[in-house]
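The values are calculated or read from the model by the stated rules, or taken from the named source; none is laboratory data. Everything numeric here is computed off the predicted structure, so don't read it as measured data. Using ideal geometry, Cβ is built from the backbone for each residue, glycine included, and neighbour counts are taken over all protein chains shown. Ligands, DNA and RNA are stripped out before the accessible areas are found, and what is left, the full protein with its side chains, is counted by its heavy atoms. Shrake-Rupley method; radii C 1.70, N 1.55, O 1.52, S 1.80 Å.
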Amino acid sequence: MEVIFDRVAGLDIGKDTLTVCVRIPGARYGRHRETRTFKTTTGSLRVMRDWLVECGVTIAAMESTSTYWKPPFYCLEEVMEVWLLNAAHMKAVPGRKSDVRDAEWIAQLLEHGLLAPSFVPPPPIRRLRLMTRYRLQLMGDRTRETVRLELMLEDASIKLSSVASSLNTVSARAMLRAMIEGEEDPVVLAELAKGRMRRKIPDLAQALTGHFDAHHAQLAGSLLHRLELVEAAILELDTVMAEAFAPWQHQLDLLQTMPGIGPLVAQVFIAETGGDMSRFPSPGHLAAWAGLAPAMHESAGKRTAAGKRHGNKWLSGILVEAAGSVGRMHGKNYLADQHARLTKRRGMRRAQVAVAHSMLVSAYWMLTRDEPYHDLGPQWLAERKDAEHTRRLVNQLQRLGHQVVLQPA
């Protein structure tokens, strides 16, 4: 096969060591190959970089192994072009498998141009990614601690979560703190309700009747303390993120004109995509990269559905969650109507993925054209269906030899 890149390097990365295979033109004919193993410490990586520069390597490739690829990638990107490869897109090494053979295989595929690089954002976007992903993880921690608290209350026959919308509300927190401090009268606890919760005082009094003892109080106090620490970390991180995202404020404002897109969803979108849609040739490429495009399996000329593709779980997850919030708007906009129609036919999970795909495509064109979101309206799908039905009936009559003239009623 034709050699596309003359001087290449393939890296097989582990936690403690990495194996590098260099393929360059031979002194007389053919290709020269040399393989070395380095530690993954910063000093050893610099030695590896100097060796590759000395060999005249212009492009290197490595698999995206966990997060171990980051130190070598960041070290090499300063002096040469570096490709990050999706392991699922590479064929396994034939025969016996070892780190050396993996590195050689990557180098051979790279020199013939048989690999495609994954999208790695520039350093400013990578810093934003660290913050948004950490915030999503903190939100997951908060949800898990809340679930643990609810299960513990169930053990004490306290049904507070059946009456209150959430255990994180001001009223629910006040009742829990009073119970931890030793208050046992359910009527007194119910009187701590605030705002609209005061209408539920009789139900709260019944829900707070149980056997909440000192053991439950100790566990509840520990869980509430952990929840408060997580919430304080989220608030602190929100302040840092607001300053870090200041250069992208215009893009954030554009994205938030779409229903269901709040500040966090917009920040995750910018952090994961970089906000530059020119990196993706079309909305379909962006949807496939995010994992919101339908997969397809074809064998012997027969095509079967294969669910959705694997992609960026952070972006697809937050968009599916945003699609769920749009579905609760009940016919107020186009996306809500799309969600309702698809839920009836395909179920809620498929509907949320489809609406998330629509939101992703809309965001692509909004950032490409620098325009705010334009809603088609909740009746757009119904009107399009009626127009298609009308055209179909007219075509049937015309095929039967009739001349059709339509007049509005």
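Can you list the equivalent-ellipsoid semi-axes of region 11-127, largest first and in whole Å, using the square root of 5 times each Cα gyration tensor eigenvalue?
Equivalent-ellipsoid dimensions as semi-axes: 21, 17, 15 Å.
Among His216, His330, His32, whose mean-square fluctuation peaks in a Gaussian network model of the chain (Cα, cutoff 10 Å)?
His32
Can you give the % of DSSP beta bridges in the chain that are antiparallel, to the nearest 5?
Around 70 percent of the beta bridges assigned by DSSP in the chain are antiparallel ones.
Which lysines does Lys313 reach when only Cα atoms under 19 Å apart count, and residues fewer than 8 places away in its own chain are ignored?
By straight Cα distance, Lys313 reaches Lys70.
How big is the charge dipole of the chain about its Cα centre, in debye rounded to the nearest 20, if each Lys and Arg gets +1 on its Cβ and each Asp and Glu gets -1 on its Cβ?
1620 debye
Along the Cα→Cβ direction, 7 angstrom out, place labels at Lys313 and Asp375. What is the inter-label distance in nm?
Rounded to a tenth, the inter-label distance reads 3.4 nm.
Suppose R0 equals 30 Å. What FRET efficiency, 1/(1 + (r/R0)^6) with r the Cβ-Cβ distance, do Glu191 and Asp238 give to the nearest 0.05?
Efficiency, from the Cβ-Cβ distance: 0.35.
Cα-based Rg (one decimal) and Dmax (whole number) for region 252-409, in Å?
18.7, 59
Add -39500 (n - 2.57) for each DSSP H run of 4 or more in the chain, then divide by its residues: what number comes out at 222 nm, to the nearest 500 deg cm²/dmol?
One gets -17500 deg cm²/dmol as the mean residue ellipticity at 222 nm.
Hey, what did the chain get for relative contact order, percent, Cα under 8 Å, at least 6 apart?
Once divided by the residue count of the chain, the mean separation gives 11 percent.
When the solvent-accessible surface of protein heavy atoms is calculated with a 1.4 angstrom probe, in what order do Met241, Met348 fall, highest first?
Output order, biggest surface exposure first: Met348, Met241.
Take the chain, connect every pair of alpha-carbon atoms lying under 10 Å apart with a spring to form a Gaussian network, then pick out the residue of Ala178, Ala351, Ala244 with the largest mean-square fluctuation.
Ala178
Under a crude label model (7 Å from the Cα following the beta-carbon direction), how far is Arg341 from Arg28 in nanometres?
So the label points at Arg341 and Arg28 sit 7.2 nm apart.
Could you check how much of the accessible area of region 125-239 is carbon and sulfur, as a whole percent, using a 1.4 Å probe?
Its accessible area is 54 percent carbon and sulfur atoms.
For region 226-370, what is the relative contact order in percent, using Cα pairs closer than 8 Å and at least 6 residues apart in sequence?
Across region 226-370, relative contact order equals 24 percent.
With Rg and the Kirkwood Rh both taken from Cα atoms, where does Rg over Rh land for region 63-200?
Taking Rg over the Kirkwood Rh, I get 1.32.
For the cross-link pairs Lys344/Lys385; Lys302/Lys385; Lys159/Lys344, which exceed 23 Å when the distance is taken from alpha carbon to alpha carbon?
Long pairs (Cα-Cα over 23 Å): Lys302/Lys385; Lys159/Lys344.
Pick out which of Phe245, Phe212, Phe280 has the largest mean-square fluctuation in a Gaussian network model of the chain, springs linking Cα atoms closer than 10 Å.
Sorting by GNM fluctuation, first place goes to Phe212.
Compute the Kirkwood hydrodynamic radius of the chain, taking the inverse of the mean of 1/r over all pairs of distinct Cα atoms, and give it in Å to one decimal.
Hydrodynamic radius (Kirkwood, Cα only) of the chain equals 26.3 Å.
Which FRET efficiency value, to the nearest 0.05, is calculated for Met329 and Ser98 with the Förster distance at 56 angstrom and r the Cβ-Cβ distance?
The value I calculate is 0.50.
For Lys302 and His250, what does the FRET efficiency come to when R0 = 35 Å and r is the distance between their Cβ atoms, rounded to the nearest 0.05?
It comes out at approximately 0.15.
So what's region 310-393 giving for Rg/Rh, alpha carbon basis, Kirkwood Rh from the mean inverse pair distance?
On the Cα set of region 310-393, Rg over Rh gives 1.02.
Compute the length gained on full extension between Glu77 and Val53: take 0.36 nm times their separation in residues and subtract their Cα-Cα distance, giving the result in nm to one decimal.
Taking Glu77 through Val53 to full extension adds about 7.5 nm, to one decimal.
What are the extents of the Cα atoms of region 136-293 along their three principal axes, in Å, largest first?
Largest to smallest, the principal-axis extents are 64, 31, 30 Å.
Under the √(5λ) rule applied to the eigenvalues of the Cα gyration tensor, what semi-axes describe the equivalent ellipsoid of region 300-357? Give them in Å, descending.
Listed largest to smallest, the semi-axes of region 300-357 are 23, 16, 7 Å.
Please report the antiparallel percentage of the DSSP beta bridges confined to region 1-137, to the nearest 5.
Beta bridges within region 1-137, antiparallel portion: roughly 60 percent.
Express the accessible area of the chain per residue in Å², computed with a 1.4 Å probe while the remaining protein chains stay in the model.
That works out to 58 Å² for each residue.
Using 11 Å as the cut-off for backbone N distance, which residues of region 142-186 belong to the label zone defined by a point 7 Å from the Cα of His211 along Cα→Cβ?
Only 156-157 fall inside the zone, counting backbone N under 11 Å.
Filter the chain for me: DSSP H helices, axial length by Cα at least 27 angstrom, mean Kyte-Doolittle hydropathy not below -0.5. List them by residue number.
214-244, 348-369
So how far apart, in nm, are the two label points at Arg144 and Ala382 if each is 7 Å from Cα heading toward Cβ?
4.5 nm
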